[in-house]
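A.B. asks: Once you've had a glance at the structure underneath, I'll fire off some questions.
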Amino acid sequence: MLHLCAEHVSDKEDQLGQAFAVLGVGVISMGESVGSAMSLRTFEHLMHYGEAYVRRTVPLAMGLVCASNPVVGVVDTLNKFSHDNDKSVASSAIFAMGMVGAGTNNARLAQLLRQLATYYQKDADVLFVVRIAQGLLHMGKGTMSINPYHHDRTLLSHTALAGLLVPVVAMISAEKLILTSSHFLLYYLVRAMYPRFLITLDENLESVSASVRVGQAVDAVGQVGRPKTITGFQTHETPVLLGHSERAEMATEKYLALTSVLEGFVILKKNPDYVEEKEED
């Protein structure tokens, strides 16, 4: 009998090790697009052939890879997992849906979460996770992000990543932690919350409105000359909201930015060589 118990414990520890390995794959690949696409494909295979702990970790790893970036394929996959027979897998998938849509106000995700709230209305534990996911989705009324990458996705905030990992690891054993007395671990997500808007200030740190172009970011590394860094842009007056894969650049030469990346709070100074174009009668 003791031998069987020891065997069971070792199996459980082995599964936990595999679960942390799955999270490791997500953390390593979340920084760049090619690795993210490859890891998402790997996660689908793990979902089919993995053990219980691996299956409940895969949705959480997907949420890490696409934090505050509601990719259509990932949302569909997580929605499918949210109806899994294993309640732990369903809870992980629903929490991951909240991470993927955190601070985006994504209309499709909001509809899916409302449907899940109706579907799980008699299960208090899963319904609690649905409400948390809904809160993450509408975080800051759509002006916040939990993506740990900043400065045009070139710098990683270790504090933000740690803040994401604490509740994610706790969700692996949600029935013993998040769904019982340790729900306060969700507050660690605050360490990852960051405004996703662009606000321009003058040299006296007073708010100033400037014209900026906002569009999809284009990889121009290694290209000669001055290649276009955004495509499909629209011109806005600051402050503006920036999506996950969007980039901003100055629309006119009236102001000069003191940083090469327009993100968060940016200080501008007037261009002494700028000449206002006069409108013809």
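The values are calculated or read from the model by the stated rules, or taken from the named source; none is laboratory data. Note that the structure is predicted; figures quoted are calculated from it, not measured. Because the Cβ atoms are built from the backbone with ideal geometry, glycine has one as well, and the counts that use them run over all protein chains shown.
A.B. asks: Which number in (1) free of Cβ contacts under 8 Å to residues at least 24 places away in the same chain; (2) surrounded by fewer than 24 Cβ atoms within 10 Å (Cβ to Cβ); (3) not charged (D, E, K, R) marks the one condition that residue 73 misses?
C.D. replies: The failed condition is (1).
A.B. asks: Any chance the range 73-88 includes a residue that's hydrophobic (A, V, I, L, M, F, W, C), under 16 Å from the mean Cα position of the chain (by Cα), more than 22 Å from residue 173 (Cα to Cα) and modelled with pLDDT of 85 or more?
C.D. replies: Here is the first cut: in the range 73-88, the ones hydrophobic (A, V, I, L, M, F, W, C) are 74-75, 78, 81.
Checking the rest, the ones that are also under 16 Å from the mean Cα position of the chain (by Cα) come to 74-75, 78.
Right, trim to more than 22 Å from residue 173 (Cα to Cα) and you get 74-75.
Checking the rest, the ones that are also modelled with pLDDT of 85 or more come to 74-75.
Checked the range 73-88: at least one residue is hydrophobic (A, V, I, L, M, F, W, C), under 16 Å from the mean Cα position of the chain (by Cα), more than 22 Å from residue 173 (Cα to Cα) and modelled with pLDDT of 85 or more.
A.B. asks: Which of the numbered conditions does residue 253 fail, given that it passes all the others? Conditions: (1) surrounded by fewer than 17 Cβ atoms within 10 Å (Cβ to Cβ); (2) in a loop (DSSP other than H, G, I, E, B); (3) touching a residue at least 60 places away in the same chain (Cβ under 8 Å).
C.D. replies: Of (1) surrounded by fewer than 17 Cβ atoms within 10 Å (Cβ to Cβ); (2) in a loop (DSSP other than H, G, I, E, B); (3) touching a residue at least 60 places away in the same chain (Cβ under 8 Å), only one is false for residue 253: (3).
A.B. asks: Test of understanding: among 53, 49, which residue is touching a residue at least 12 places away in the same chain (Cβ under 8 Å) and aromatic (Phe, Trp, Tyr)?
C.D. replies: Values: 49 fails: touching a residue at least 12 places away in the same chain (Cβ under 8 Å).
Selected residue: 53, the only one of 53, 49 that is touching a residue at least 12 places away in the same chain (Cβ under 8 Å) and aromatic (Phe, Trp, Tyr).
A.B. asks: Just checking, which of 55, 41 is of a type in the set (D, E, K, R) and surrounded by 20 or more Cβ atoms within 10 Å (Cβ to Cβ)?
C.D. replies: On the way: 41 fails: surrounded by 20 or more Cβ atoms within 10 Å (Cβ to Cβ).
Only one candidate qualifies: 55.
A.B. asks: Residue by residue through the range 124-172, note down the ones that are β-branched (Val, Ile, Thr), over 25 Å from residue 17 (Cα atoms) and surrounded by fewer than 18 Cβ atoms within 10 Å (Cβ to Cβ).
C.D. replies: 143, 154, listed by residue number.
A.B. asks: Condition test on residue 56, is it part of a helix (DSSP H, G or I) and more than 19 Å from residue 172 (Cβ to Cβ)? It would help to see each step written out before you state the result.
C.D. replies: Details: part of a helix (DSSP H, G or I): yes; more than 19 Å from residue 172 (Cβ to Cβ): no.
So residue 56 fails the test.
A.B. asks: Tally time: how many residues in the range 171-190 are touching a Lys or Arg at 6+ places or on another chain (Cβ under 9 Å) and part of a helix (DSSP H, G or I)?
C.D. replies: 2
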